[in-house]
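The values are calculated or read from the model by the stated rules, or taken from the named source; none is laboratory data. A quick note: this is a predicted structure, and the numbers were derived from the prediction, not measured. In this analysis, Cβ positions are derived from the backbone assuming ideal geometry, glycine residues included, and neighbour counts consider all displayed protein chains. Ligands, DNA and RNA are stripped out before the accessible areas are found, and what is left, the full protein with its side chains, is counted by its heavy atoms. Shrake-Rupley method; radii C 1.70, N 1.55, O 1.52, S 1.80 Å.
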Amino acid sequence: MNSHSPAAALTARRIAVSFVAAISAVGVTAPLASADPLGTHSGESRHAPRAPLPAHRIPFTDARVTQQEDGSFLVSWKAPGVGSVTVHADDRAVAHGGAEDDVTVRGLPATDRRWFRLVPDQGAPLTLTDRSLRLEGAANFRDAGGYRTVDGRWVRMGVLYRADDLHALTDADLAKLQRLGIRTDFDLRTPGERATAPDRVPAGARYVAADAFGGHGTGRLPAAARTVERMMIRSHRGLVADPPALDAYRSLFRHANDPGSHALAYHCDRGKDRTGWATAALLTALGVDRDTVMRDYLATNDYLAANNAAALAEQPAAVAARLKPLLDCRAAYLNACFDQVTARFGTFDGYLRDGLGLNDQDLERLREALLAD
């Protein structure tokens with residue numbers, strides 16, 4: 001495609017806005033010097049909750065639902081120690097399996113979201129659905145739940161959603177979100193981003209703006225891809241320690257802690273950086289292990305693969321090479337956030353307490369609202 005087409009120009013402008021916001025988060029307004037990218041870290045800390053929690057009754061150690069292109073559903077699980085598992089949909093059994101199994105369920109009528117209840121022959125059941133909402137206008141709109149915590153509980157699905165820009169939601173998307181009970185649209189973008197691409201908000205939902213970058217300055221794309229990656233790492237550190245980010249995430253946690261705000265959708269422009277740290281922080285506070293948090297973060301690359309490929313194809317090769325680190329989710333970026341937690345607050349518990357102002361009662365209410373046992 002011609003790089004000077006209207007679509008290409010729009011893509012370039014949107015990417016530029018994202019980059020300007022990123023560099024403003026670390027206060028850079030001048031061209032950057034070239035430097036080697038920072039390395040990734042193994043992330044040996046798992047940031048467990050501050051106090052040991054009791055063992056819980058759900059026997060599943062792993063489980064997921066994936067909707068296939070043909071409309072069928074792959075339901076997989078591991079439940080060590082149980083004899084059998086029965087899969088229910090619409091209050092009827094649709095499949096059976098052993099302690100560890102994969103089953104494909106076909107022929108179910110269409111619905112906004114297809115929920116499955118996994119019922120073991122001993123222990124408590126687990127209710128799951130496919131994470132993606134499959135919206136036409138927001139490819140990265142997906143459920144933040146469906147993950148197991150280190151103490152054996154599960155993050156509830158249908159309560160918290162992470163998303164990309166909601167400006168392009170179709171009328172059908174909005175109707176679907178209304179039926180799914182979205183009560184709060186929490187926007188982490190800058191005023192400039194909100195003005196350029198205002199959200200379409202589901203009927204009846206409350207709109208909350210909390211700028212995690214504290215506005216935006218001026219800047220230009222560095223001349224080397226490795227410099228862009230380094231800049232992204234620095235901006236992710238700012239998401240942990242900069243005052244505007246702390247204010248925004250403090251507000252997000254308070255809304256997540258309020259059942260009256262559920263279901264809550266939080267987002268930025270592409271649902272990857274500001275939204276990525278929001279999700280990582282929430283899941284870690286709930287007791288999800290670091291490896292699982294990282295997998296959820298990197299999954300954005302899959303959800304946005306087609307959009308990113310199209311955006312890069314519109315640019316000359318040299319520009320595309322510099323834009324790719326901006327469009328990617330990379331382990332180094334999220335590791336930079338956790339590294340900054342340690343550098344600034346000592347522990348993740350310190351980040352929650354001293355950075356976000358959460359006390360033990362706040363965290364217990366959060367877990368009661370968002371975890372199933």
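Observations, loosely collected:
- Integer Hz, Karplus 6.51/-1.76/1.60 couplings in order for the range 186-191, x for Gly and Pro: 9, 9, 8, 7, 6, x
- The string of couplings for the range 364-372 from the Karplus curve (6.51, -1.76, 1.60, θ = phi - 60°) is 5, 5, 4, 5, 5, 6, 10, 10, 10 Hz, one whole number per residue in order, with x for Gly and Pro.
- With all protein chains modelled, accessible area of Arg200 [1.4 Å, Å²]: 90
- When the alpha carbon gyration tensor of the range 82-228 is reduced to an equivalent ellipsoid, the three semi-axes, largest first, read 38, 20, 14 Å.
- Based on the reciprocal of the average 1/r between different C-alpha atoms, the Kirkwood radius for the range 171-295 equals 15.8 Å.
- Label zone at Thr86, where the point sits 7 Å out along the Cα-to-Cβ direction: the range 94-132 residues whose backbone N lies under 16 Å: 94-99, 116-127
- Calculated FRET value between Asp171 and Gln361, using beta carbons and R₀ = 41 Å, to 0.05: 0.45
- Seen from Ser132, the other residues with C-beta closer than 14 Å to its C-beta sum to a net charge of -1, counting Lys and Arg as +1 and Asp and Glu as -1.
- Solvent-accessible surface ranking, highest first, for Lys324, Lys272, Lys176 at 1.4 angstrom: Lys324, Lys176, Lys272
- Amide H partners (placed H, <5 Å) of Tyr207, local residues excluded: Asp185
- Temperature 10 °C, viscosity 1.306 mPa s: under these conditions the Stokes-Einstein estimate for the range 289-373, based on its Kirkwood radius over C-alpha pairs, is 101 µm² per second.
- The simple spin-label model puts a point 7 Å past each Cα toward its Cβ; for Leu108 and Ala306 those points are separated by 2.2 nm.
- Between the amide H of Val85 and those of Gly97, Gly98, distances stay under 5 Å, these residues lying 5 or more places away or on another chain, with hydrogens modeled in the peptide plane.
- Pair-distance distribution P(r) for the range 240-295, from all Cα-Cα distances in 5 Å bins starting at 0: 4, 17, 27, 28, 19, 5, 0 percent.
- Surface per residue (accessible, 1.4 Å probe) for the range 108-216, Å²: 38
- Under 17 Å from Lys324, Cα to Cα: lysines that are on another chain or at least 8 residues apart: Lys272
- Between Ala93 and Arg220, the distance separating the two model label sites (each 7 Å from Cα on the Cα→Cβ line) works out to 6.9 nm.
- Extension gain from Lys78 to Asp258, taking 0.36 nm per residue of separation minus the Cα-Cα distance: 61.6 nm
- Compared with the alpha-carbon gap, the fully stretched path from Arg206 to Ala241 is longer by 9.8 nm at 0.36 nm per residue.
- Spin-label model, Asp70/Arg295: points 7 Å from Cα along the beta carbon direction are separated by 2.5 nm.
- Between Asp62 and Lys78, the built amide H atoms are under 5 Å apart, and every one of these is 5 or more places off in sequence or on another chain.
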